[in-house]
Amino acid sequence: MAARNHNQWMAKPPLEQGEWIDSRVYTDHEIFEEENEKIFKSTWIPVCHESELPKPYDFRTSSIAREPIIVCRGPDNQVRAFLNVCPHRGMMIERRPSGSFYEGQPSGNPKRMTCMFHGWQFDMKGSCVYVSREKEGYQDRLCKDDVGLRRLRCEVKFGGFVWVNLNDKAPDLETWAGKPFECLRKSLEAEPLEVFHYHKAIVDTNYKLWHDTNCEFYHDFMHYHNRVTGFNDAYFARKNEAFDNGHIVVGTFEVNYDKYEGFESRAALSFPHLPPNQWYMIDLFPGINFNLRGSALRCDVVTPLGPNKTMIEFRGLGLKSDSKEDRMTRINHHNSIWGPFGRNLHEDLIGVQGQGNTMLPGTEARRVLHGRQENQTIHDENGMRHYYDEWGRWLNRLPSSPDKPYSAPKETEAVTAAE
Amino acid sequence: MSTCETVRDAIYQATMFLDAQKWNDWLSLCDESFEYSITSFSPEINYDMTYLAANKKDLHHLVDLLPKHNTDHSPLHRHTTVYSVQPSEDGKTATAVSSVLIFQNMLDGTHSHIDAGESRLFVIGRYMDTLKIENGKGIFLKRELKLDNRRLDKGSHWPL
């Protein structure tokens, strides 16, 4: 058959349930709002790395599902997270991206989070410690103990990332993501890590499309760099392993960096316990990616801004103990592929924005194919099938027909049995 | 021509070669020891970051491989203003600070039917240049582009 007419184009593809999805999951406003409410407000998000707040009273601000968040390190060295919202009148307490409360601010004392609006102050545990003219205004009807900050669940884990969950009842982080991290746990936890790179992108695409790209390596045809450094028997044998909760791990192989003109082996600076020039990737539901290429770790975190707008924050990390020279080498290794002017990232962003341009809210549904079956090796699309099965469960929607309730595809049972 | 004028000429010549994507002509203005970097300070992580660091050989590899990489073909236009030139005491070298705004003239980067023809601000920053003066010409020894941007929606495979 050559090009298809409308009915043929809209027909169910000749694939099993779970091997294709309806593109309305990327374009529908109602689905987007549901995702924020049901998924992002109940999952663990790594909002920053502990090295971004190295000293007591350091803080970092972020957001999850439109909720502003502040993370701070207390004098007891513990990292805690709170809603960055004053309980008095709902003002955002801290507006800077990072800084320290050690010194006083125009509206407040040192060592306090102070709401600039009316001068209410909070300590590093989120307790309200000062209400301006408290007695005069409230006459003992409301006291400081009644108006602490909203504490959020916060864990520092898997290489020092600061994870926050808005849901007090969600499973703990180890239960949620421990198993996929097993492949890298020794490497990431051998010694303290440090962030050396940060940049972000806001692209007109759905956040799941970014995660899809991270979950599949079939798109390496887009990257000349990957084709020449990777495409060999070991590469094609690399496995996509599915884990509970929608996570996947892309297994390792030895990358031949010297096949790309001007590049060099990363072997001399491998992360601890990692064989030379290896490359692991952990993709966590619903949109977090950890990518360790020998000498440098990359972490992407998505923040959905709309059905067709996504912010992606990119971090690069090395070892805190790095010499100046080693750190610069790691930075160069990171940037040469993943920096904003590197060989790959720019192409990945063009790819997902191209998808975003064809799948705008209001465009007719597309049938997006996830049906490549290659024994769960690198070009198998099982990572995406696994993801959308989890997505369907969270929203109780069938990914291939999102107006219908979720039902498990046959393949899910096979993957679960294999585990 | 004074040292200051020579330096300004070299910086503006470099801008025109880069705008015209004449990468090798641009590199011909650079010494063999040339060092190039794109940097930015991040108030998010409180760190002086390097987004790209390359010597002249690296830059040759980079531009030679451009045809093999997929890219956004929207041309970039640099508006460079030389703010200051500081010749060394012996007049053999000079440092210069220039403000640079780089605009992207949209072609195919997103949705060409809608976006092509529009110009968007791509990045802003400062060129921190070091040049040597040789036979009345300014030769680049070092260029650091200090970006103010940390939001880079789509970067570029091209030198800036």
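Please report, as a whole percent, how much of the solvent-accessible surface of chain A comes from carbon and sulfur atoms (probe radius 1.4 Å).
Details: 8550 of 17050 Å².
In chain A, the share of accessible area belonging to carbon and sulfur is 50 percent.
Show the residues, 5+ positions off or on another chain, whose built amide H is closer than 5 Å to the amide H of A:SER63.
Close amide H contacts, sequence-distant or interchain: A:ILE69.
With every protein chain in place, what's the accessible area of A:ASP212 (1.4 Å probe, Å², nearest 10)?
Accessible area of A:ASP212: about 10 Å².
What does the average come to when, for each residue of peptide B:146-153, you count the partner chain Cβ atoms lying within 10 Å of its Cβ?
Working: counts 0, 2, 0, 3, 8, 7, 11, 12.
Mean inter-chain Cβ contacts per residue within 10 Å come to 5.
Need one number for the range A:148-257: average projected area of the convex hull over its C-alpha atoms, nm².
Details: hull surface 40.6 nm².
Projected over every direction and averaged, the Cα hull of the range A:148-257 covers 10.1 nm².
For the protein assembly as shown, which cysteines have no second Cys with its Cβ under 4.7 Å from theirs?
So, A:CYS48, A:CYS72, A:CYS128, A:CYS143, A:CYS154, A:CYS183, A:CYS215, A:CYS299, B:CYS4, B:CYS30.
What are the residues whose amide H is under 5 Å from the amide H of B:CYS30, where those residues sit 5 or more places off or on another chain and H is modelled from the backbone?
Under 5 Å from the amide H of B:CYS30 lie the amide H atoms of B:PHE140, each far enough along the sequence or on another chain.
What value, in deg cm²/dmol to 500, does the helix sum -39500 (n - 2.57) over DSSP H runs of n ≥ 4 give at 222 nm once divided by the residues of chain A? Numbers along the way, then the final one.
Values: 12 runs with 111 residues, N = 419.
That comes out to -7500 deg cm²/dmol.
Filter A:LYS12/A:LYS41; A:LYS125/A:LYS169; A:LYS259/B:LYS22 down to the pairs with a C-alpha to C-alpha distance above 23 Å, please. Don't skip to the answer; put the middle values down first.
Working: A:LYS12/A:LYS41 33 Å; A:LYS125/A:LYS169 20 Å; A:LYS259/B:LYS22 27 Å.
Cα-Cα > 23 Å for A:LYS12/A:LYS41; A:LYS259/B:LYS22; rest within.
GNM, chain B, Cα, under 10 Å: largest mean-square fluctuation among B:TYR47, B:TYR12, B:TYR83?
Of the options given, B:TYR47 has the highest mean-square fluctuation.
Relative contact order of chain A: what whole-number percent is it, with Cα pairs under 8 angstrom and at least 6 residues apart? Could the numbers behind the result be given before it?
On the way: 832 pairs, mean separation 82.2, N = 419.
Averaging sequence separation for qualifying contacts and normalising by length gives 20 percent for chain A.
Kirkwood hydrodynamic radius, computed over distinct alpha-carbon pairs, for chain A: how many Å, to one decimal? Could you put the intermediate results ahead of the total?
Details: mean 1/r = 0.0434 Å⁻¹.
Result for chain A, one decimal place: 23.0 Å.
Using the Karplus equation 6.51 cos²θ - 1.76 cosθ + 1.60 (θ = phi - 60°), what ³J(HN,Hα) coupling, rounded to whole Hz, does each residue of the range A:375-380 give in order, writing x for Gly and Pro?
6, 6, 8, 4, 9, 5
Please report the buried accessible area for the interface of B with A, total over both chains, probe 1.4 Å, in Å² to the nearest 100. Intermediate values should be presented prior to the final figure.
Numbers: alone 9140 and 18690 Å², together 24540 Å².
Rounded to the nearest hundred, the buried surface is 3300 Å².
Mind checking the log10 I(q)/I(0) for the range A:124-178 at q = 0.23, 0.30 Å⁻¹? Debye, one equal scatterer per Cα, no solvent, two decimals.
The computed values of log10 I(q)/I(0) come out as -0.89, -1.18.
Treating only the Cβ atoms of Lys and Arg (+1) and Asp and Glu (-1) as charged, compute the dipole magnitude of the protein assembly as shown about its Cα centre; round to the nearest 20 debye.
Details: 69 positive and 81 negative charges, 212 e Å.
Dipole magnitude for the protein assembly as shown comes out near 1020 debye.
Under a 1.4 Å probe, what is the accessible area of chain A per residue, stated in Å²? Don't jump to the answer; show the numbers that get you there.
On the way: 17050 Å² over 419 residues.
Averaged over the residues of chain A, the accessible area is 41 Å².
Over all Cα pairs of the range A:282-419, how is the pair count split among 10 Å bins, expressed in % and running from 0 up to the last occupied bin?
Per 10 Å bin, starting at 0, the Cα pair percentages come out as 10, 30, 33, 20, 7, 1.
The values are calculated or read from the model by the stated rules, or taken from the named source; none is laboratory data. Please read all numbers here as calculations on a predicted model, not as lab measurements. All Cβ positions, even for glycine, are placed from backbone atoms using ideal geometry, and neighbour counts span all protein chains on display. Note: accessible area is taken over every heavy atom of the protein model, side chains too, but ligands, DNA and RNA are not part of it. Shrake-Rupley method; radii C 1.70, N 1.55, O 1.52, S 1.80 Å.
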